[in-house]
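Below: one structure, written as structure tokens.
The values are calculated or read from the model by the stated rules, or taken from the named source; none is laboratory data. Quantities reported herein were computed from a predicted structural model and do not represent experimental measurements. Heads up, the Cβs are rebuilt from the backbone with ideal geometry, glycines too, and the neighbour counts pull from every protein chain shown.
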């Protein structure tokens with residue numbers, strides 16, 4: 001009897017302790033969601049777009065020069081300055097403007113958007129002619145973001161404005177319809193990876209990304225033992241030739257750039273093959289002839305230099321003074337490629353989440369805005385030149401068509417078709433129940449085709465743990481390609497490059513070149 005009482009007491013104490021542990025965990029989880037939201041990372045991404053991303057696009061396209069100008073003017077420039085986004089508002093039929101809240105946008109089947117203001121100035125012969133701030137379009141505003149009229153409201157105020165107090169936000173209202181921009185999983189840019197391409201062959205891949213540039217580079221070694229690099233217009237160009245064209249002419253310099261610890265026989269073979277190329281100009285001319293540029297020597301060399309500066313590793317720089325850094329980076333990539341080929345290092349796993357990045361709403365809208373802003377600039381130049389042909393000098397203020405940018409942004413948001421042919425980026429939000437809505441806001445989609453096998457991409461990877469839900473994925477053709485973020489997952493935002501470099505310098509980082 002005593003043994004039975006002891007066993008019951010032990011079971012009771014065990015259950016009590018387990019209950020306390022579960023209570024502790026539930027308190028922690030409750031406290032976590034009191035401070036953070038499911039969609040906080042998405043909202044931060046959109047805030048980052050409005051605070052920094054749009055201005056970066058303007059900096060990329062800060063000047064425009066029309067090709068047709070009046071005969072008495074030598075130079076005419078249009079410059080774009082600061083860009084700002086206001087608060088959501090509505091313009092009534094009588095022309096009056098007032099703030100709008102999401103519930104009104106839903107009921108009246110209109111869009112929840114805010115005006116985009118851009119500083120524009122024109123210069124005639126480097127003398128400023130006019131300077132003004134124009135409205136160039138409307139930007140869809142994410143609910144609960146910093147520019148949303150619901151931002152910072154407490155529970156009672158939200159209910160007063162017709163909103164569900166437990167609604168997390170993180171979506172848009174386009175023509176009265178709630179739309180979600182689905183997170184897209186993509187390979188990390190500016191990250192050199194070497195993968196197996198057959199029983200004995202390997203392939204090195206690198207996506208160089210900078211602003212509107214995203215250029216694929218590929219390394220390969222053919223049966224003749226020569227290393228080749230392919231990017232944009234240069235197809236299968238010997239790597240040693242490119243290094244010499246970038247200014248790394250001496251064989252000793254190339255060997256030291258690859259490794260100071262040991263010499264690679266594979267590289268010596270390549271150096272011997274192109275020993276007759278002794279100067280930088282010889283290497284550039286060799287590339288020009290291989291590409292098939294048919295002008296005189298000076299012109300074809302200038303065009304080749306432009307290709308090397310703009311399209312080879314643009315993430316490092318697009319000016320001539322970046323060539324030495326590009327050569328050094330190519331040497332380090334070649335070292336990694338050789339080490340993988342000789343089994344010194346393991347091939348990279350592209351399904352490892354270290355090699356992936358999740359592109360959220362801010363990044364995707366930035367791509368959309370970048371493409372359409374260039375179209376807006378082209379439209380301004382076209383209208384300016386059309387009026388110049390009539391013998392008039394127009395004000396830029398009157399030829400900016402604000403509806404052009406707005407209509408193109410809203411067309412993509414409403415249909416889900418994004419630049420580059422990607423579809424389904426924007427989707428109608430599922431409102432079957434609260435959990436279904438949260439699931440849709442947390443969705444991550446792979447760009448891979450669902451009609452192809454892609455077994456490894458569909459499989460559960462150990463690095464998904466804690467980041468992606470191991471259970472929630474659809475059956476059928478999309479299995480493993482459509483995933484969902486874990487409940488406690490939060491995504492970091494891109495960091496300023498120079499801030500990271502300055503921090504690394506304090507712990508001993510030294511410049512090589």
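Residues in region 150-158: is at least one within 31 Å of the chain's Cα centre (by Cα), over 22 Å from residue 403 (Cα atoms) and surrounded by 13 or more Cβ atoms within 10 Å (Cβ to Cβ)? Yes, the conditions are met somewhere in region 150-158. Within region 138-177, being outside any loop (DSSP other than H, G, I, E, B) and either in contact with a strand residue (DSSP E or B) (Cβ under 7 Å, 6 or more places away or on another chain) or within 19 Å of residue 114 (Cα to Cα) (or both) holds for 138, 139, 140, 172, 173, 174, 177.
Are any residues in region 199-229 assigned to a loop (DSSP other than H, G, I, E, B) and more than 20 Å from residue 239 (Cβ to Cβ), and if so, which ones?
Looking only at region 199-229, we keep the residues that are assigned to a loop (DSSP other than H, G, I, E, B), and these are 199-201, 211-212, 222-226.
Those that are assigned to a loop (DSSP other than H, G, I, E, B) and more than 20 Å from residue 239 (Cβ to Cβ): 199, 211, 212.
For first residues located in region 191-211 and on the phi > 0 side of the Ramachandran plot, partners that are modelled with pLDDT of 85 or more and surrounded by fewer than 16 Cβ atoms within 10 Å (Cβ to Cβ) and lie 6+ apart or on another chain with Cβ distances below 6 Å form the pairs 211/60. For residue 474, state whether it is more than 23 Å from residue 42 (Cα to Cα) and at pLDDT 90 or above. No: the conditions fail for residue 474. Going through (1) assigned to a strand (DSSP E or B); (2) within 30 Å of residue 381 (Cβ to Cβ); (3) over 32 Å from the mean Cα position of the chain (by Cα) one by one, residue 77 falls short only on (3). Scoring residue 367 on the criteria (1) without any contact (Cβ under 8 Å) to a residue 60 or more places away in the chain; (2) out of contact with any helix residue (DSSP H, G or I) (no Cβ under 6 Å at 6 or more places or on another chain); (3) over 30 Å from residue 490 (Cβ atoms) leaves a single failure, condition (3).
Would you please name the residue that is farthest from the chain's Cα centre (by Cα), looking only at residues in region 80-104 that are closer than 28 Å to residue 383 by Cα and modelled with pLDDT of 85 or more? Selected residue: 91. Of all residues in region 80-109, those being in a strand (DSSP E or B), out of contact with any helix residue (DSSP H, G or I) (no Cβ under 7 Å at 6 or more places or on another chain) and either within 22 Å of residue 149 (Cα to Cα) or outside the structural domain of residue 169 (by TED's automatic domain parsing) (or both) number 7.
Figure legend. Inter-residue proximity from region 120-145: first residues free of Cβ contacts under 8 Å to residues at least 60 places away in the same chain and outside the structural domain of residue 398 (by TED's automatic domain parsing), second residues crowded, with 20+ Cβ neighbours inside 10 Å and assigned to a strand (DSSP E or B), beta-carbon distance below 6 Å, spacing 6+ or different chains. No pairs are indicated. In contact with a helix residue (DSSP H, G or I) (Cβ under 6 Å, 6 or more places away or on another chain) and modelled with pLDDT under 95, is that true of residue 160? Taking the combined requirement at face value, the residue does not satisfy it.
Mind checking which residues of region 178-198 are in a strand (DSSP E or B) and within 30 Å of residue 328 (Cβ to Cβ)? Within region 178-198, 186, 187, 193, 194, 195, 196 meet the criteria. The single residue among 479, 471 that is in contact with a helix residue (DSSP H, G or I) (Cβ under 9 Å, 6 or more places away or on another chain), part of a loop (DSSP other than H, G, I, E, B) and more than 18 Å from residue 359 (Cα to Cα) turns out to be 479.
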